[in-house]
Ligand code: ZN
């Protein structure tokens, strides 16, 4: 009953000082409670508001960055298209590729036929340039958005053309320094000199060392006094890959071919081939080839499955004389007797016999007598 007594006793016994003290204490407790209430209710809300604001700002920056990335990507794509040489070298014709002209990086090292499954691949190649028609040919290719390959000679006064070939995404490839068969094929040393001279010439003119080569007269020419295997060995050692052709425009003949004949030869030659390396000439004496070019391109572009490509290291090698075996495969004795097709699955394609256009002896004499600019055979 102590508690009851004290409760009852309190009002009577409480002094004013104590009353005042209690009142202050209650006030302090109230203030403390109020403070705690404010602290736990208002502060978290303020904090939340502050964080939400920060989040909003970060979202805004993120969107800005996204926009910037998008702009950068577009810019990169645009610049790649403008300056594409060998690397990028390598994209298809948008007219036939629809909206999928921008290739995924994953595709970058796939062989052309895997990058364009089910498509007819056409590699237009121009031998013997540059010359007075080179710019016209480049204009036609540009207008039709087609990339091609130029197997060039060493010609003075055409620095702009060599560089334009590269700048516009075509492949600059090697043909001959002199184009005089009697010199080039007189000995292995002469053959090597011809290639080395042309390489040095092109490096000086363009800063680029081409890696693709076409034998004057083709690899199966019967005018060389040098063993073809020795020449091929030299090319392989130097890192060159040679390309013959499996479709000929037949514009190499001495008499000027009519435009329609060239068109017909190329279109019939391509037919339904999945892989066509087309031999044409960029020569001062071949105006009908230039006339035939837009007709050939436009006819093929109407077929929806044709893709024009420049020769790159993803292009199946088309040859008349078989290439040298890769070293590691030479070492495997049990594989030596096999056909090259088995060893080089899907990499090489031997041209049909009718396209092995051996240089005739009379052509050789002509070519030997003519200057590089006039020399017209293959
Ligand atoms: Zn030639």
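Every number in this text was worked out from the coordinates using simple rules, so none of it is lab data. This is a predicted model, so every value here is computed, not measured. Note that each Cβ is placed from the backbone with ideal geometry, even for glycine, and that neighbours are counted across all protein chains shown.
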What does the highest-first list of 284-294, 187-197, 147-157, 26-36 look like by mean Cβ count within 10 Å? 147-157, 284-294, 187-197, 26-36
So, with points 7 Å from each Cα along the Cβ direction, the residue 167-residue 303 label distance in nm works out to 3.4 nm
When the chain is fully extended, how far beyond the present Cα-Cα distance does residue 27 get from residue 324, taking 0.36 nm per residue of separation? 96.7 nm
Please report, for the Cα atoms of segment 16-82, the Rg to one decimal and the Dmax as a whole number; what are they, in angstrom? 28.3, 96
At 7 Å along Cα-to-Cβ for each site, give me the label-to-label distance between residue 284 and residue 58 in nm. 7.1 nm
Taking alpha-carbon centroids only, segment 176-236 lies from segment 104-162 a number of Å equal to 20 Å
Provide the gained length on full extension for the span residue 51 to residue 143, in nm with one decimal, where the gain is 0.36 nm per separating residue minus the Cα-Cα distance. 27.5 nm
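Order the peptides 219-226, 60-67 from the highest to the lowest mean number of other Cβ atoms within 10 Å of their residues. Don't skip to the answer; put the middle values down first.
On the way: 219-226: 18.8, 60-67: 9.9.
Per-residue mean Cβ counts within 10 Å order the peptides as 219-226, 60-67.
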Working only with C-alpha atoms, what are the Rg and Dmax values of segment 241-306, expressed in angstrom? 11.8, 35
